[in-house]
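Chemist: My questions all concern the structure below.
The values are calculated or read from the model by the stated rules, or taken from the named source; none is laboratory data. None of the values given here were measured: they were computed from a predicted structure. Quick reminder, even Gly has a Cβ in these numbers, built from the backbone with ideal geometry, and neighbours come from all protein chains shown.
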Amino acid sequence: MADTENIAVNVYFVGTGPGDPELITVKGMRLLKDADLVIYAGSLVREKVLEYCEKGPVIRNSASMSLEEITSLMVEAARQGKKVVRLHTGDPSLYGALREQADILEREGVAYGIVPGVSSAFASAAALKRELTLPGVTQTVIFTRVEGRTPVPEKERLSKLASHGATICIFLSIAMIDDVVRELAEGYSMDTPVAVVYRASWEDEKIVKGSLADIAAKVKTSGISRQAMIIVGRAIGDLPGDNSKLYDALFSHGFRE
Ligand code: SAH
């Protein structure tokens with residue numbers, strides 16, 4: 001933002017990545033090294049990344065804190081010239097409750113920056129060894145969730161999103177796998193591939209693959225009930241798609257005549 005360009009930024013929201021401590025960005029790691037105050041959600045963020053800290057920062061677990069408590073800690077520290085890092089899982093722009101914190105900082109006139117991270121959606125695709133946008137199948141990826149305590153607009157019900165045949169990454173919904181399948185079945189055929197990745201990139205990562213017809217039963221047998229990504233769509237199946245035009249010898253474009 002032009003109006004904050006020359007102001008020293010002391011507060012960073014940092015995407016920690018999906019779990020493997022090596023999947024934080026170099027920039028995120030450097031900010032942790034230098035931090036005086038680190039705030040993270042204990043139940044979600046991988047605590048191992050805290051080992052990157054080198055200045056013996058104050059480390060606070062936000063799990064039991066209110067929004068106001070979290071932001072006033074950040075504001076106070078920033079005003080004292082301290083370097084603050086607020087860790088988010090994956091990428092902060094997805095289901096991170098980022099905006100409500102950022103809005104308060106803006107209201108208080110505290111400059112902040114955001115460092116992106118590897119979303120669990122991408123770590124899950126990597127675990128599956130699949131490309132989410134497969135030529136000839138789909139060129140669209142949808143990030144969504146089913147309704148829990150946070151409402152989801154009616155127009156975005158899975159049954160409606162399903163009609164596009166895109167790849168859908170479903171966050172925060174594994175405990176409601178039966179509802180997920182019921183809604184998806186309104187738009188996808190029952191043989192559509194579905195994969196569930198539990199703790200992508202962690203040591204105990206688990207993958208369950210199936211179709212819309214059998215995934216719910218397989219998930220129950222596996223015992224997975226949290227920290228899992230559901231990915232649906234033909235792109236993650238075994239059907240070969242058309243090869244990408246990028247490497248097609250007959251297709252010339254700006255970079256390769
Ligand atoms: N901002 C995060 C998402 C936070 S919401 C991101 O970009 O990944 C939390 C949800 O993300 C979980 O319910 C789960 O659906 C998913 N999730 C987080 N970490 C995960 C992981 N390592 N493997 C699979 N799913 C994960």
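Chemist: Out of Arg149, Arg157, Arg145, Arg107, report the one residue that is of a type outside the set (A, V, I, L, M) and not assigned by TED's automatic domain parsing to the domain that holds Ala228. Before the answer, list the steps.
Modeler: On the way: Arg149 fails: not assigned by TED's automatic domain parsing to the domain that holds Ala228; Arg157 fails: not assigned by TED's automatic domain parsing to the domain that holds Ala228; Arg145 fails: not assigned by TED's automatic domain parsing to the domain that holds Ala228.
Criteria check complete, one pass: Arg107.
Chemist: Somewhere in the stretch 75-94, is a residue within 16 Å of the ligand (Cβ to nearest atom), at pLDDT 95 or above, surrounded by fewer than 18 Cβ atoms within 10 Å (Cβ to Cβ) and within 22 Å of Phe143 (Cα to Cα)?
Modeler: The answer is yes, given that some residue of the stretch 75-94 is within 16 Å of the ligand (Cβ to nearest atom), at pLDDT 95 or above, surrounded by fewer than 18 Cβ atoms within 10 Å (Cβ to Cβ) and within 22 Å of Phe143 (Cα to Cα).
Chemist: While we're on this one: Please find, within the stretch 208-257, the residue that is modelled with the highest pLDDT out of those that are among the hydroxyl-bearing types (Ser, Thr, Tyr) and farther than 18 Å from Met176 by Cβ.
Modeler: Ranking the candidates gives Ser211 first.
Chemist: Restricting attention to the stretch 42-74, and to residues there that are within 16 Å of the ligand (Cβ to nearest atom) and either of a type outside the set (A, V, I, L, M) or surrounded by fewer than 14 Cβ atoms within 10 Å (Cβ to Cβ) (or both), which single residue is nearest to Gly15 (Cα to Cα)?
Modeler: Residues of the stretch 42-74 within 16 Å of the ligand (Cβ to nearest atom): 42-49, 62-63.
From the residues that got through so far, the ones that are either of a type outside the set (A, V, I, L, M) or surrounded by fewer than 14 Cβ atoms within 10 Å (Cβ to Cβ) (or both) too are 42-43, 46-48, 62-63.
Values: Gly42: 14, Ser43: 15, Arg46: 11, Glu47: 13, Lys48: 14, Ser62: 15, Ala63: 17 Å.
Among those that are within 16 Å of the ligand (Cβ to nearest atom) and either of a type outside the set (A, V, I, L, M) or surrounded by fewer than 14 Cβ atoms within 10 Å (Cβ to Cβ) (or both), it is Arg46.
Chemist: Given the structure, is Gly113 away from the ligand (no atom under 16 Å from the Cβ), under 22 Å from Ile24 (Cβ atoms), small (Gly, Ala, Ser) and surrounded by fewer than 22 Cβ atoms within 10 Å (Cβ to Cβ)?
Modeler: Taking the combined requirement at face value, the residue satisfies it.
Chemist: Also: So, of the residues in the stretch 189-224 that are closer than 23 Å to Lys48 by Cα and small (Gly, Ala, Ser), which turns out to be nearest to the ligand (Cβ to nearest atom)?
Modeler: Taking the stretch 189-224 as the starting set, the residues that turn out to be closer than 23 Å to Lys48 by Cα are 197-207, 224.
Then drop every residue that is not small (Gly, Ala, Ser), which leaves 200-201.
Numbers: Ala200: 4, Ser201: 6 Å.
Ranking the candidates gives Ala200 first.
Chemist: Which of (1) at pLDDT 95 or above; (2) within 14 Å of the ligand (Cβ to nearest atom) does Glu147 not meet, given it meets every other one?
Modeler: Checking Glu147 against (1) at pLDDT 95 or above; (2) within 14 Å of the ligand (Cβ to nearest atom), the one that fails is (1).
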